[in-house]
1. Would you mind telling me which numbered condition in (1) more than 17 Å from Glu182 (Cβ to Cβ); (2) aromatic (Phe, Trp, Tyr); (3) in a strand (DSSP E or B) Phe15 fails?
2. Could you count how many residues in the range 181-195 are within 13 Å of Ala92 (Cα to Cα) and either surrounded by 12 or more Cβ atoms within 10 Å (Cβ to Cβ) or in contact with a helix residue (DSSP H, G or I) (Cβ under 6 Å, 6 or more places away or on another chain) (or both)?
3. Which numbered condition in (1) part of a loop (DSSP other than H, G, I, E, B); (2) within 27 Å of Pro188 (Cα to Cα); (3) without any contact (Cβ under 8 Å) to a residue 12 or more places away in the chain; (4) of a type outside the set (D, E, K, R) is the only one that Pro58 fails?
4. Being on the phi > 0 side of the Ramachandran plot and in contact with a strand residue (DSSP E or B) (Cβ under 8 Å, 6 or more places away or on another chain), is that true of even one residue in the range 15-29?
5. Scan the range 114-147 residue by residue and report those that are assigned to a helix (DSSP H, G or I), over 22 Å from the mean Cα position of the chain (by Cα) and surrounded by fewer than 19 Cβ atoms within 10 Å (Cβ to Cβ).
6. Inspect the range 282-289 for any residue being closer than 23 Å to Ser124 by Cβ and in contact with a Ser or Thr (Cβ under 9 Å, 6 or more places away or on another chain) and give the result as yes or no.
7. Conditions first: (1) part of a loop (DSSP other than H, G, I, E, B); (2) within 30 Å of Val51 (Cα to Cα). Trp177 passes all but one, so which condition is the exception?
8. Applying the selection to the range 281-312, what residues are open to solvent by less than 50 Å² (accessible area, probe 1.4 Å), of a type in the set (A, V, I, L, M, F, W, C) and either in a loop (DSSP other than H, G, I, E, B) or at pLDDT below 95 (or both)?
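The values are calculated or read from the model by the stated rules, or taken from the named source; none is laboratory data. Given the structure is predicted, the values throughout are model-derived calculations rather than measurements. Positions of Cβ are backbone-derived with ideal geometry, glycine not excepted, and every protein chain shown enters the neighbour counts. All accessible areas refer to the heavy atoms of the entire protein, side chains included, with ligands and DNA or RNA removed. Shrake-Rupley method; radii C 1.70, N 1.55, O 1.52, S 1.80 Å.
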Amino acid sequence: MARRHARKTKLTELFVRKLKPEVRAYLVWDTHQRGLAIRTQPSGSKAWMCVYSYRGRPRWYHLGDANAIGLAAARKLTAEVMLDVIRGKDPAAEKRAERGTDTFAELAERYVEQYAKRHNKSWSQPDRLVRRYLLPKWGKLQATTISRADVKAIMAAIAAPILANQVLAAASAIFSWAVKQEVLAANPCRGVDRNAVKSRERILADSEVPKFWTAFEDAGLLMSSGLKVILLTGQRPGEVAHMRREHIRDGWWEMPGAPVSELGWPGTKNGEGHRVWLSAPVKEIIAELNDGETTGDVFAGSARGLDQAMRAVVAKLKVERATPHDLRRSFLSRVTGLGFGRDAMDRIANHKENATTDVYDRHSYAVEDQHIMETVAARIMALATGETDAKVVPIRR
């Protein structure tokens with residue numbers, strides 16, 4: 001692989017604002033102030049860096065976010081760092097030593113406030129794990145003193161393998177961030193093996209569909225309707241729970257990829273806008289709940305109740321554990337099972353890696369997607385109601 005040439009120019013505020021993200025992070029060096037560079041990440045974030053040599057080795061000093069520190073201030077800070085180097089100091093090492101006094105509790109709090117809340121829509125779930133399983137043990141310890149043995153001890157104390165893996169991932173995210181911020185020298189979670197777990201591929205069998213459908217009724221109108229819509233659309237439970245009437249247009253549920261705070265819409269999981277055709281059975285369910293309203297939540301208050309309702313259904317039926325996500329999987333498996341193909345399933349599921357969901361051509365699949373959604377929903381309704389076959393009216397172009 002050819003080496004990339006260093007990018008150098010006399011930086012200006014306009015040049016900095018116009019820097020665009022690339023596949024890899026890259027640096028642009030300032031020819032006006034020796035040692036100053038701006039680093040642009042693939043995410044689009046930009047940070048000022050001061051690079052100097054200490055005892056023959058390069059040192060990287062993180063000055064701060066380029067959105068918070070202007071070019072003039074970055075040059076001044078770099079000049080101060082370079083002056084300290086001339087005086088025989090190692091500013092990067094001193095900065096690490098100063099930050100290394102953080103307790104794990106302080107480090108975890110900084111991680112949440114400075115990074116997780118800005119970049120991870122699901123930050124609250126791992127944060128709960130940190131507070132429950134890590135802070136009681138590590139909260140008062142200096143972060144620099146936590147070892148790989150401490151991590152293994154935490155893992156061993158958690159009986160559920162999947163939960164232990166989730167706690168490990170939450171801890172590793174904090175330590176990895178701290179390493180990038182030059183707060184810690186190493187991540188003690190690295191090299192700790194995750195527990196081997198059996199992949200869950202729970203799908204409702206044809207014979208189970210009518211049993212679950214009937215048992216849903218005991219969950220109450222709201223929860224029953226939410227679970228049925230997941231089974232009939234194959235969409236993510238969290239997104240169904242936050243379905244808004246404003247997003248239903250001409251038979252399509254059009255989900256914005258980004259959060260809409262004023263509506264309480266959390267955004268899609270992958271941040272991509274998504275468009276789903278609502279089949280006839282789904283429209284009937286929603287119509288029963290809507291009562292003529294055109295704004296507001298379709299399943300108000302169901303976000304936390306769907307899991308609990310599903311557990312109650314499983315307990316009543318005395319069957320293998322099933323979750324709302326398994327209802328989604330049950331729909332999507334029937335998309336391919338009825339011969340529509342993996343690309344169609346990925347498109348309907350809003351899997352980000354699927355190339356056919358490109359914003360420029362997603363509407364070209366409208367007729368095909370309508371047919372798929374109506375056909376699969378009719379098949380599930382036939383199973384749920386005991387009909388021998390599903391009657392689907394073909395959708396014409």
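1. Unmet condition: (3).
2. Of the range 181-195, the ones within 13 Å of Ala92 (Cα to Cα) are 181-185.
Still in the running and either surrounded by 12 or more Cβ atoms within 10 Å (Cβ to Cβ) or in contact with a helix residue (DSSP H, G or I) (Cβ under 6 Å, 6 or more places away or on another chain) (or both): 181-184.
The qualifying residues number 4.
3. Only one criterion in (1) part of a loop (DSSP other than H, G, I, E, B); (2) within 27 Å of Pro188 (Cα to Cα); (3) without any contact (Cβ under 8 Å) to a residue 12 or more places away in the chain; (4) of a type outside the set (D, E, K, R) is unmet by Pro58, namely (1).
4. Residues of the range 15-29 that are on the phi > 0 side of the Ramachandran plot, as a first pass: none.
The answer is no, given that none of the residues of the range 15-29 is on the phi > 0 side of the Ramachandran plot and in contact with a strand residue (DSSP E or B) (Cβ under 8 Å, 6 or more places away or on another chain).
5. Passing the criteria: Leu135, Pro136, Lys137, Thr145.
6. Here is the first cut: in the range 282-289, the residues closer than 23 Å to Ser124 by Cβ are none.
No, the range 282-289 contains no residue that is closer than 23 Å to Ser124 by Cβ and in contact with a Ser or Thr (Cβ under 9 Å, 6 or more places away or on another chain).
7. So Trp177 meets the others, but not (1).
8. Filtering the range 281-312 for residues open to solvent by less than 50 Å² (accessible area, probe 1.4 Å) gives 281-282, 285-286, 289-290, 296, 298-299, 302, 305-306, 309-310.
From what's left, of a type in the set (A, V, I, L, M, F, W, C): 282, 285-286, 289, 298-299, 306, 309-310.
Residues satisfying the conditions are Ile285, Ile286, Leu289, Val298, Phe299, Leu306, Ala309, Met310.
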